[in-house]
Amino acid sequence: MAEPAARECAPTYVREMMERLGIEPGGGAAPSVSLSYATAFHRCEACLSKQACRDWLDRTPTSVVFAPRFCPCADILFELLVDQPSTWTSSSGTQ
């Protein structure tokens with residue numbers, strides 16, 4: 001019984017990681033994007049590298065390009081960053 005209680009109290013850093021990467025936490029309303037956010041949250045929740053993540057967040061600048069390699073959400077965070085609507089407008093060159 002102690003395991004579920006410990007899991008409920010475990011910190012998650014995915015939102016802070018998203019902020020560092022410039023990802024809008026509620027940036028997309030598409031179902032696939034919502035699923036990506038939920039998957040990232042659950043991966044973060046179950047992550048065994050919480051202390052390494054906290055240490056990484058504490059010593060990195062407020063803006064980074066990539067999530068750390070140990071992050072189980074790195075692939076999802078990269079996809080969210082690339083698929084973000086703000087990325088489309090800045091890379092497409094508005095007229």
Inter-residue pairs, beta-carbon under 6 Å, first among the basic types (Lys, Arg) and in the stretch 67-84, second at pLDDT below 95, 6+ apart: none
Here the qualifying pairs (Cβ atoms under 6 Å; residues six or more apart or on different chains; first in the stretch 18-32 and farther than 14 Å from Ala67 by Cβ; second modelled with pLDDT of 80 or more and of a type outside the set (Ser, Thr, Tyr)) come out as Pro25/Arg15; Pro25/Met18
Please work out if Ala52 is modelled with pLDDT of 90 or more, closer than 20 Å to Leu80 by Cβ, part of a helix (DSSP H, G or I) and small (Gly, Ala, Ser). no
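The values are calculated or read from the model by the stated rules, or taken from the named source; none is laboratory data. It should be emphasised that the depicted structure is a prediction, and the values quoted were computed from it without experimental measurement. Note that each Cβ is placed from the backbone with ideal geometry, even for glycine, and that neighbours are counted across all protein chains shown.
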